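Q: Pasting a structure here, questions to come.
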Amino acid sequence: MAEIIDGVDLSKLEGFRSAIQKEPITLGLKAKALWDGEMGRATVHIGPYKLGDQEIERDTRRYTVSYGAWKEVEDALGMVGPTDREEPVEMALGAMAACIVNSITWNVHRHGIKLDDLVVSVSTDVNPDVLLEVRGPEEHTACMQNLRAEIKVKGEGLTPEKLEIIKKLATHSPVDGLISQANQITHTVTT
C-alpha cells in the first residue's frame, strides 16, 4: 500500500529522486514577453514546457499575465492613463516564495519533519536607478536591498536543529538560487 504524505505517494517520489540521481532530467521552461506598445508594459505568455525530451502542450497550460507597474508609479513616470498591473519584481518575489515552499515540502519528510503549516514571505526594497539608466548594470546588486525570505512553520517537535534543516532546504529552491547569485538573501525560520 502506498504511503501518502501531504498528497504525495512517497514511493513514487523516491523513485523519481533515484531516477534523476542515475540519469539527470531537465525541465525546459520558457516565457515570452510581448511589448504592449506603451513604455514599461508587456504581456507575458507561458505555455508548453519540456519534461526531458517530451514537450508538454495543452490548452490549460497557456497562462497570460499583463505586466507593468502600480498606478501611482505609472503616474509618477508620466504614463497617460495609468493602471495597476502585475509588477515584475513582485512576480519574481512571488515565484521565489512559491519555489521555497516547494523545496521545503518536497524534502522535509526525508528529515523526519512533519509540518502542519508553512508560510513563506519574501520582501525587498527596490531602487529603480539601474532600470531607468541612472546607474549602469554593474550596480544591479544595489537595486534590491534587504532581500528577505521569512519562513514560518508549525508542527510538533520543531527543534532548533530541525529549523536549521528547513532553512537549508529553502536554499535548494531554483528561484532562490537564481536571485541569490546576484543578491545576498537573509533566510529566517520562525514558528
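Q: From the list 51, 115, pick out the single residue that is out of contact with any Asp or Glu (no Cβ under 6 Å at 6 or more places or on another chain), surrounded by fewer than 16 Cβ atoms within 10 Å (Cβ to Cβ), among the hydrophobic types (A, V, I, L, M, F, W, C) and within 28 Å of residue 9 (Cβ to Cβ). I'd like the intermediate steps shown before the answer.
A: On the way: 115 fails: surrounded by fewer than 16 Cβ atoms within 10 Å (Cβ to Cβ).
Sole residue among the options that is out of contact with any Asp or Glu (no Cβ under 6 Å at 6 or more places or on another chain), surrounded by fewer than 16 Cβ atoms within 10 Å (Cβ to Cβ), among the hydrophobic types (A, V, I, L, M, F, W, C) and within 28 Å of residue 9 (Cβ to Cβ): 51.
Q: When the residues of the stretch 166-182 are filtered to those that are in contact with a helix residue (DSSP H, G or I) (Cβ under 6 Å, 6 or more places away or on another chain) and assigned to a loop (DSSP other than H, G, I, E, B), which remaining residue is nearest to residue 126 (Cα to Cα)?
A: Step by step, filter the stretch 166-182, then rank; the result is 182.
Yes or no, residue by residue, for (1) without any contact (Cβ under 8 Å) to a residue 40 or more places away in the chain; (2) part of a loop (DSSP other than H, G, I, E, B):
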{"residue": "94", "(1), (2)": "yes, no"}
{"residue": "100", "(1), (2)": "no, no"}
{"residue": "110", "(1), (2)": "yes, no"}
{"residue": "131", "(1), (2)": "yes, yes"}
{"residue": "140", "(1), (2)": "no, no"}
{"residue": "149", "(1), (2)": "no, no"}
{"residue": "164", "(1), (2)": "yes, no"}
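Q: Among 150, 139, which is the only one that is charged (D, E, K, R) and closer than 15 Å to residue 191 by Cα?
A: Details: 139 fails: closer than 15 Å to residue 191 by Cα.
Result: 150 is the single residue among 150, 139 that is charged (D, E, K, R) and closer than 15 Å to residue 191 by Cα.
Q: Go through the residues of the stretch 37-44 one by one and say whether even a single one is in a strand (DSSP E or B), assigned by TED's automatic domain parsing to the domain that holds residue 69 and loosely packed, with under 12 Cβ neighbours inside 10 Å.
A: Within the stretch 37-44, the subset in a strand (DSSP E or B) is 42-44.
Then keep just the ones that are assigned by TED's automatic domain parsing to the domain that holds residue 69; that gives 42-44.
Add one more test, that the residue is loosely packed, with under 12 Cβ neighbours inside 10 Å, and what stays is none.
Within the stretch 37-44, not a single residue is in a strand (DSSP E or B), assigned by TED's automatic domain parsing to the domain that holds residue 69 and loosely packed, with under 12 Cβ neighbours inside 10 Å.
Q: OK, next. In this structure, does residue 60 turn out to be polar (S, T, N, Q), surrounded by 11 or more Cβ atoms within 10 Å (Cβ to Cβ) and not assigned by TED's automatic domain parsing to the domain that holds residue 129? Break it down stepwise before answering.
A: Details: polar (S, T, N, Q): yes; surrounded by 11 or more Cβ atoms within 10 Å (Cβ to Cβ): no; not assigned by TED's automatic domain parsing to the domain that holds residue 129: yes.
No, not satisfied.
Q: Tell me, which residue of the stretch 151-162 that is assigned to a strand (DSSP E or B) and among the charged types (D, E, K, R) is surrounded by the most Cβ atoms within 10 Å (Cβ to Cβ)?
A: Restricting attention to the stretch 151-162, the residues satisfying the condition of being assigned to a strand (DSSP E or B) are 151-154.
If we keep only those that are among the charged types (D, E, K, R) as well, we get 152, 154.
Numbers: 152: 13, 154: 11.
So the residue we want is 152.
The values are calculated or read from the model by the stated rules, or taken from the named source; none is laboratory data. Fair warning: this is a prediction, and the values are worked out from it, not measured in the lab. Using ideal geometry, Cβ is built from the backbone for each residue, glycine included, and neighbour counts are taken over all protein chains shown.
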